Each structure stands twice: as structure tokens, then as C-alpha cells.
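So the structure is just underneath, and the comments pick up after that.
Derivation of every value follows stated rules applied to the coordinates shown; laboratory data play no part. Just so it is clear, the model here is predicted, and its values are computed rather than measured. Heads up, the Cβs are rebuilt from the backbone with ideal geometry, glycines too, and the neighbour counts pull from every protein chain shown.
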Amino acid sequence: MPVLDIVTVPAKVLRTKADTVKKVDDRIKQLIDNMVETMREAPGVGLAAPQVGELVRVVVLEWGDDEDEEAPKKLYAIVNPQIVKKSNETVLGIEGCLSIPKFVGEVERAETITVKGLNRNGQPIKINATGWLARIFQHEIDHLDGILFTDRATALTLLQDNENPEEIEAQAIVTSKSQPTDSSIDS
Ligand SMILES: [Zn+2]
């Protein structure tokens, strides 16, 4: 499985609404597999198809348990994801994006959401997500509509050259136990 190039701003593809997938065929499955490989290589916790230049509604995410660092990460690949329910409660958190290198920002997101879509086999799935998983879903699904976290961020920070995203992500893991809203993710 090849690692794909990640598109960065100001590429037009990041600002274009992605098309609904009509059929989860071999091409889409291959795209999912390549996106997973690319996300892991980056490394990131989520990736949307427009970030690899494909204007189709596909996202992949990999995240563990907010409460338990030791818990294995779970991989999600969703075709045509749709948020069908959102909690009124919101939380603030620091986000980053593989397509916007060097920037992080504080974004308010719904704390809990329900996502419907299709899995890699084209079967309908429904996921209830809370905390960071819910945040990553909202960030990735925004990508499918050409929305970037910088559109929603209340404050943006440009990282210094000596702070690379990996360090930020490592920091996120350390701080997420006690203070989930103080951590940071790249997706
Ligand atoms: Zn992103």
C-alpha cells in the first residue's frame, strides 16, 4: 500500500465539497487502505480524502480511549459519514491539521456525537463518539465540506521551528489524562 502525498493549504481541493460515494468498490477500498497507511506514516489521528487530493466522502481515524492510555487504538474508516446527532454540550480543545503545518488552534466542538455512514464493506454503521474521538470525527467531516479547523478556531498559534507536530502530539498524550482540553491532535 503506497503512502500518499498530503495536500497542504492553500490547495483548492481542501476548499471544495467532496462527492458522495455511490458504491464502495475496489477503488474506494484501495483509497481507504492507502489513507490508513498515510495517516499512520504522518503520523496523525485522522485523515479525510480531500487531504490526499481525492474529492470523495471518505475519512479514516485511529484513536484509543481518552481515559485509558493503555487501551489499544481503534481504527475507523467511514464512507459518506454524517453527523446525525450532536450534544448541546461543547468542549474546547487544541487541534492541528496535517494540511496546515505549524499551526494549532483552540476549537469548540460538540462533546458527543452520533455518526452514520458505511464501513469498508459498504455496510451501514452507526458510531456514538465522545471526547477526542467526537472531536476528530467533527474535524474530518468538516474537511469533506471544505471547512478547515482554522475557520472555527478562536485562537491560532504558529509553532516555532523547534516544536514539531510529533512533539505536540506526544505532549497531547501526556496531558490528555488529566486535562483533555489542554491536549492537541493533528488530523
Ligand atoms: Zn485536518
Item to check | Computed [θ] at 222 nm, deg cm²/dmol, the chain (DSSP H ≥ 4; -39,500 (n - 2.57); rounded to nearest 500) | outcome: -7500 deg cm²/dmol
Checklist entry - Between the helical axis of 165-176 and the dominant principal axis of the chain, each derived from Cα atoms, what acute angle in degrees is found, rounded to the nearest 10? => result 70
Checklist entry - If we restrict to alpha carbons, what Rg and Dmax does the range 11-86 come to, in Å? => result 13.4, 39
Item to check | Simple label model, 7 Å out from Cα along Cβ direction - residue 73 to residue 154, nm | outcome: 2.9
Checklist entry - How are the Cα pair distances of the chain distributed, in percent, across 5 Å bins from 0? => result 1, 8, 17, 22, 22, 17, 8, 3, 0
Checklist entry - Under a 5 Å amide H to amide H cut-off, with H placed in plane at 1.01 Å, what residues pair with residue 148 once short-range neighbours are removed? => result none
Checklist entry - Between residue 114 and residue 87, what length in nm is gained on full extension when 0.36 nm per residue of separation is reduced by their alpha carbon distance? => result 8.8 nm
